[in-house]
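Below is one structure, written out as structure tokens, with a few remarks after it.
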Amino acid sequence: MSYEITITSTLTRHQQREVAEIYYDSFKIKFSKLWLFTKNKGLAIDVLSQSIDFRTGLYAIKDKEVIGFIGLETVGSIYTKLRFSLLTKVFGFFGGLWRTAGYLIYRAFQGRIGEDEMHIDPIAVSEKARGLGVGTKLLDASLALAKSLGKKKMTLEVVDTNPEAKKLYERKGFVVTKIEKTGYLTSLAGFTKVVHMRKVIE
Ligand SMILES: CC(C)(COP(=O)(O)OP(=O)(O)OC[C@H]1O[C@@H](n2cnc3c(N)ncnc32)[C@H](O)[C@@H]1OP(=O)(O)O)[C@@H](O)C(=O)NCCC(=O)NCCS
């Protein structure tokens, strides 16, 4: 029996917090060692809830609860934008300054998004719902959306230590276009290479 979900682009305020929670839980190491540099889950969820442009994502809903989401970026629209003003408000001036720098370095690895491109960042499914086809449905809905907008390619990045996610993307027709060494700093967050992948939209 297939796992029944609906895919939507609009959320209630409560559901937005559910997204931030799945985001944090799925990328704990990234948020503690590469981005927000905090292990305080409540604080991270507060910051994320205020930093996400929820309009640029798609959401998998089961019984009114968000169980997965995908951030879809196009020219000029970023899904998660960590702003200096918010980071300094939460972490103080210097705490905000170096966190902003860390975030900008992360963004620099992603390159520019082309006019004909839709870029995925991030995709995550709540731990309890993984392996049930939710990620596949989010990818399918995103590819259909990209096609309806006239986009010609879908791109994403996956780290070298996440072969399961890479396998899923390959199954959906993504191919590796570049493997980038990221070095010492990211090794603290558990990876040393970023794999760039692309799918041509027919
Ligand atoms: C990667 C992820 C979004 C896939 O969503 P999903 O709903 O579990 O995926 P589906 O059920 O549609 O597809 C399952 C496939 O996903 C892959 N997969 C990746 N992580 C998995 C996990 N923890 N559990 C089950 N499958 C996983 C497997 O390749 C699996 O293939 P299989 O069915 O042939 O075994 C989800 O596992 C997740 O949120 N992981 C943590 C966050 C993450 O790594 N995001 C990707 C960053 S690039």
*asked:* Exactly one of these conditions fails for A144: (1) under 17 Å from Q110 (Cα atoms); (2) at pLDDT 95 or above; (3) of a type in the set (A, V, I, L, M, F, W, C). Give me its number.
replied: (1)
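Residues checked against (1) at pLDDT below 95; (2) crowded, with 18+ Cβ neighbours inside 10 Å; (3) farther than 21 Å from I120 by Cβ; (4) of a type outside the set (D, E, K, R):
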| site | (1), (2), (3), (4) |
| --- | --- |
| E4 | yes, no, yes, no |
| T12 | no, no, yes, yes |
| A20 | no, yes, no, yes |
| S26 | no, yes, no, yes |
| S32 | yes, yes, yes, yes |
| F37 | yes, no, yes, yes |
| V47 | no, yes, yes, yes |
| V66 | no, yes, no, yes |
| F69 | no, yes, no, yes |
*Write out, first by first residue and then by second, each pair whose Cβ atoms fall under 6 Å of each other, whose residues are 6+ apart or on separate chains, and whose first residue, in the range 39-68, is under 23 Å from V134 (Cβ atoms) while the second is in a helix (DSSP H, G or I) and of a type in the set (K, R).*
S49/R17
_Residue that is modelled with the lowest pLDDT [pool: residues in the range 98-121 that are within 16 Å of the ligand (Cβ to nearest atom) and more than 16 Å from K30 (Cα to Cα)]_ = G111
*In the set K152, K147, K181, which member is among the basic types (K, R), closer than 22 Å to K28 by Cα and more than 13 Å from the ligand (Cβ to nearest atom)?*
K181
*So is Y184 surrounded by fewer than 16 Cβ atoms within 10 Å (Cβ to Cβ) and of a type in the set (F, W, Y) or not?*
yes
*Scan the range 142-159 for residues that are surrounded by fewer than 17 Cβ atoms within 10 Å (Cβ to Cβ) and touching a strand residue (DSSP E or B) at 6+ places or on another chain (Cβ under 9 Å) and jot them down.*
L149, K152, K153
*How about the range 122-141: which of its residues are more than 8 Å from the ligand (Cβ to nearest atom) and either crowded, with 17+ Cβ neighbours inside 10 Å or at pLDDT below 95 (or both)?*
A141
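The values are calculated or read from the model by the stated rules, or taken from the named source; none is laboratory data. As the structure is a computational prediction, the values presented were derived from the model and not from experiment. Don't worry about glycine lacking a Cβ; one is built from the backbone with ideal geometry, like all the others, and counts go over all protein chains shown.
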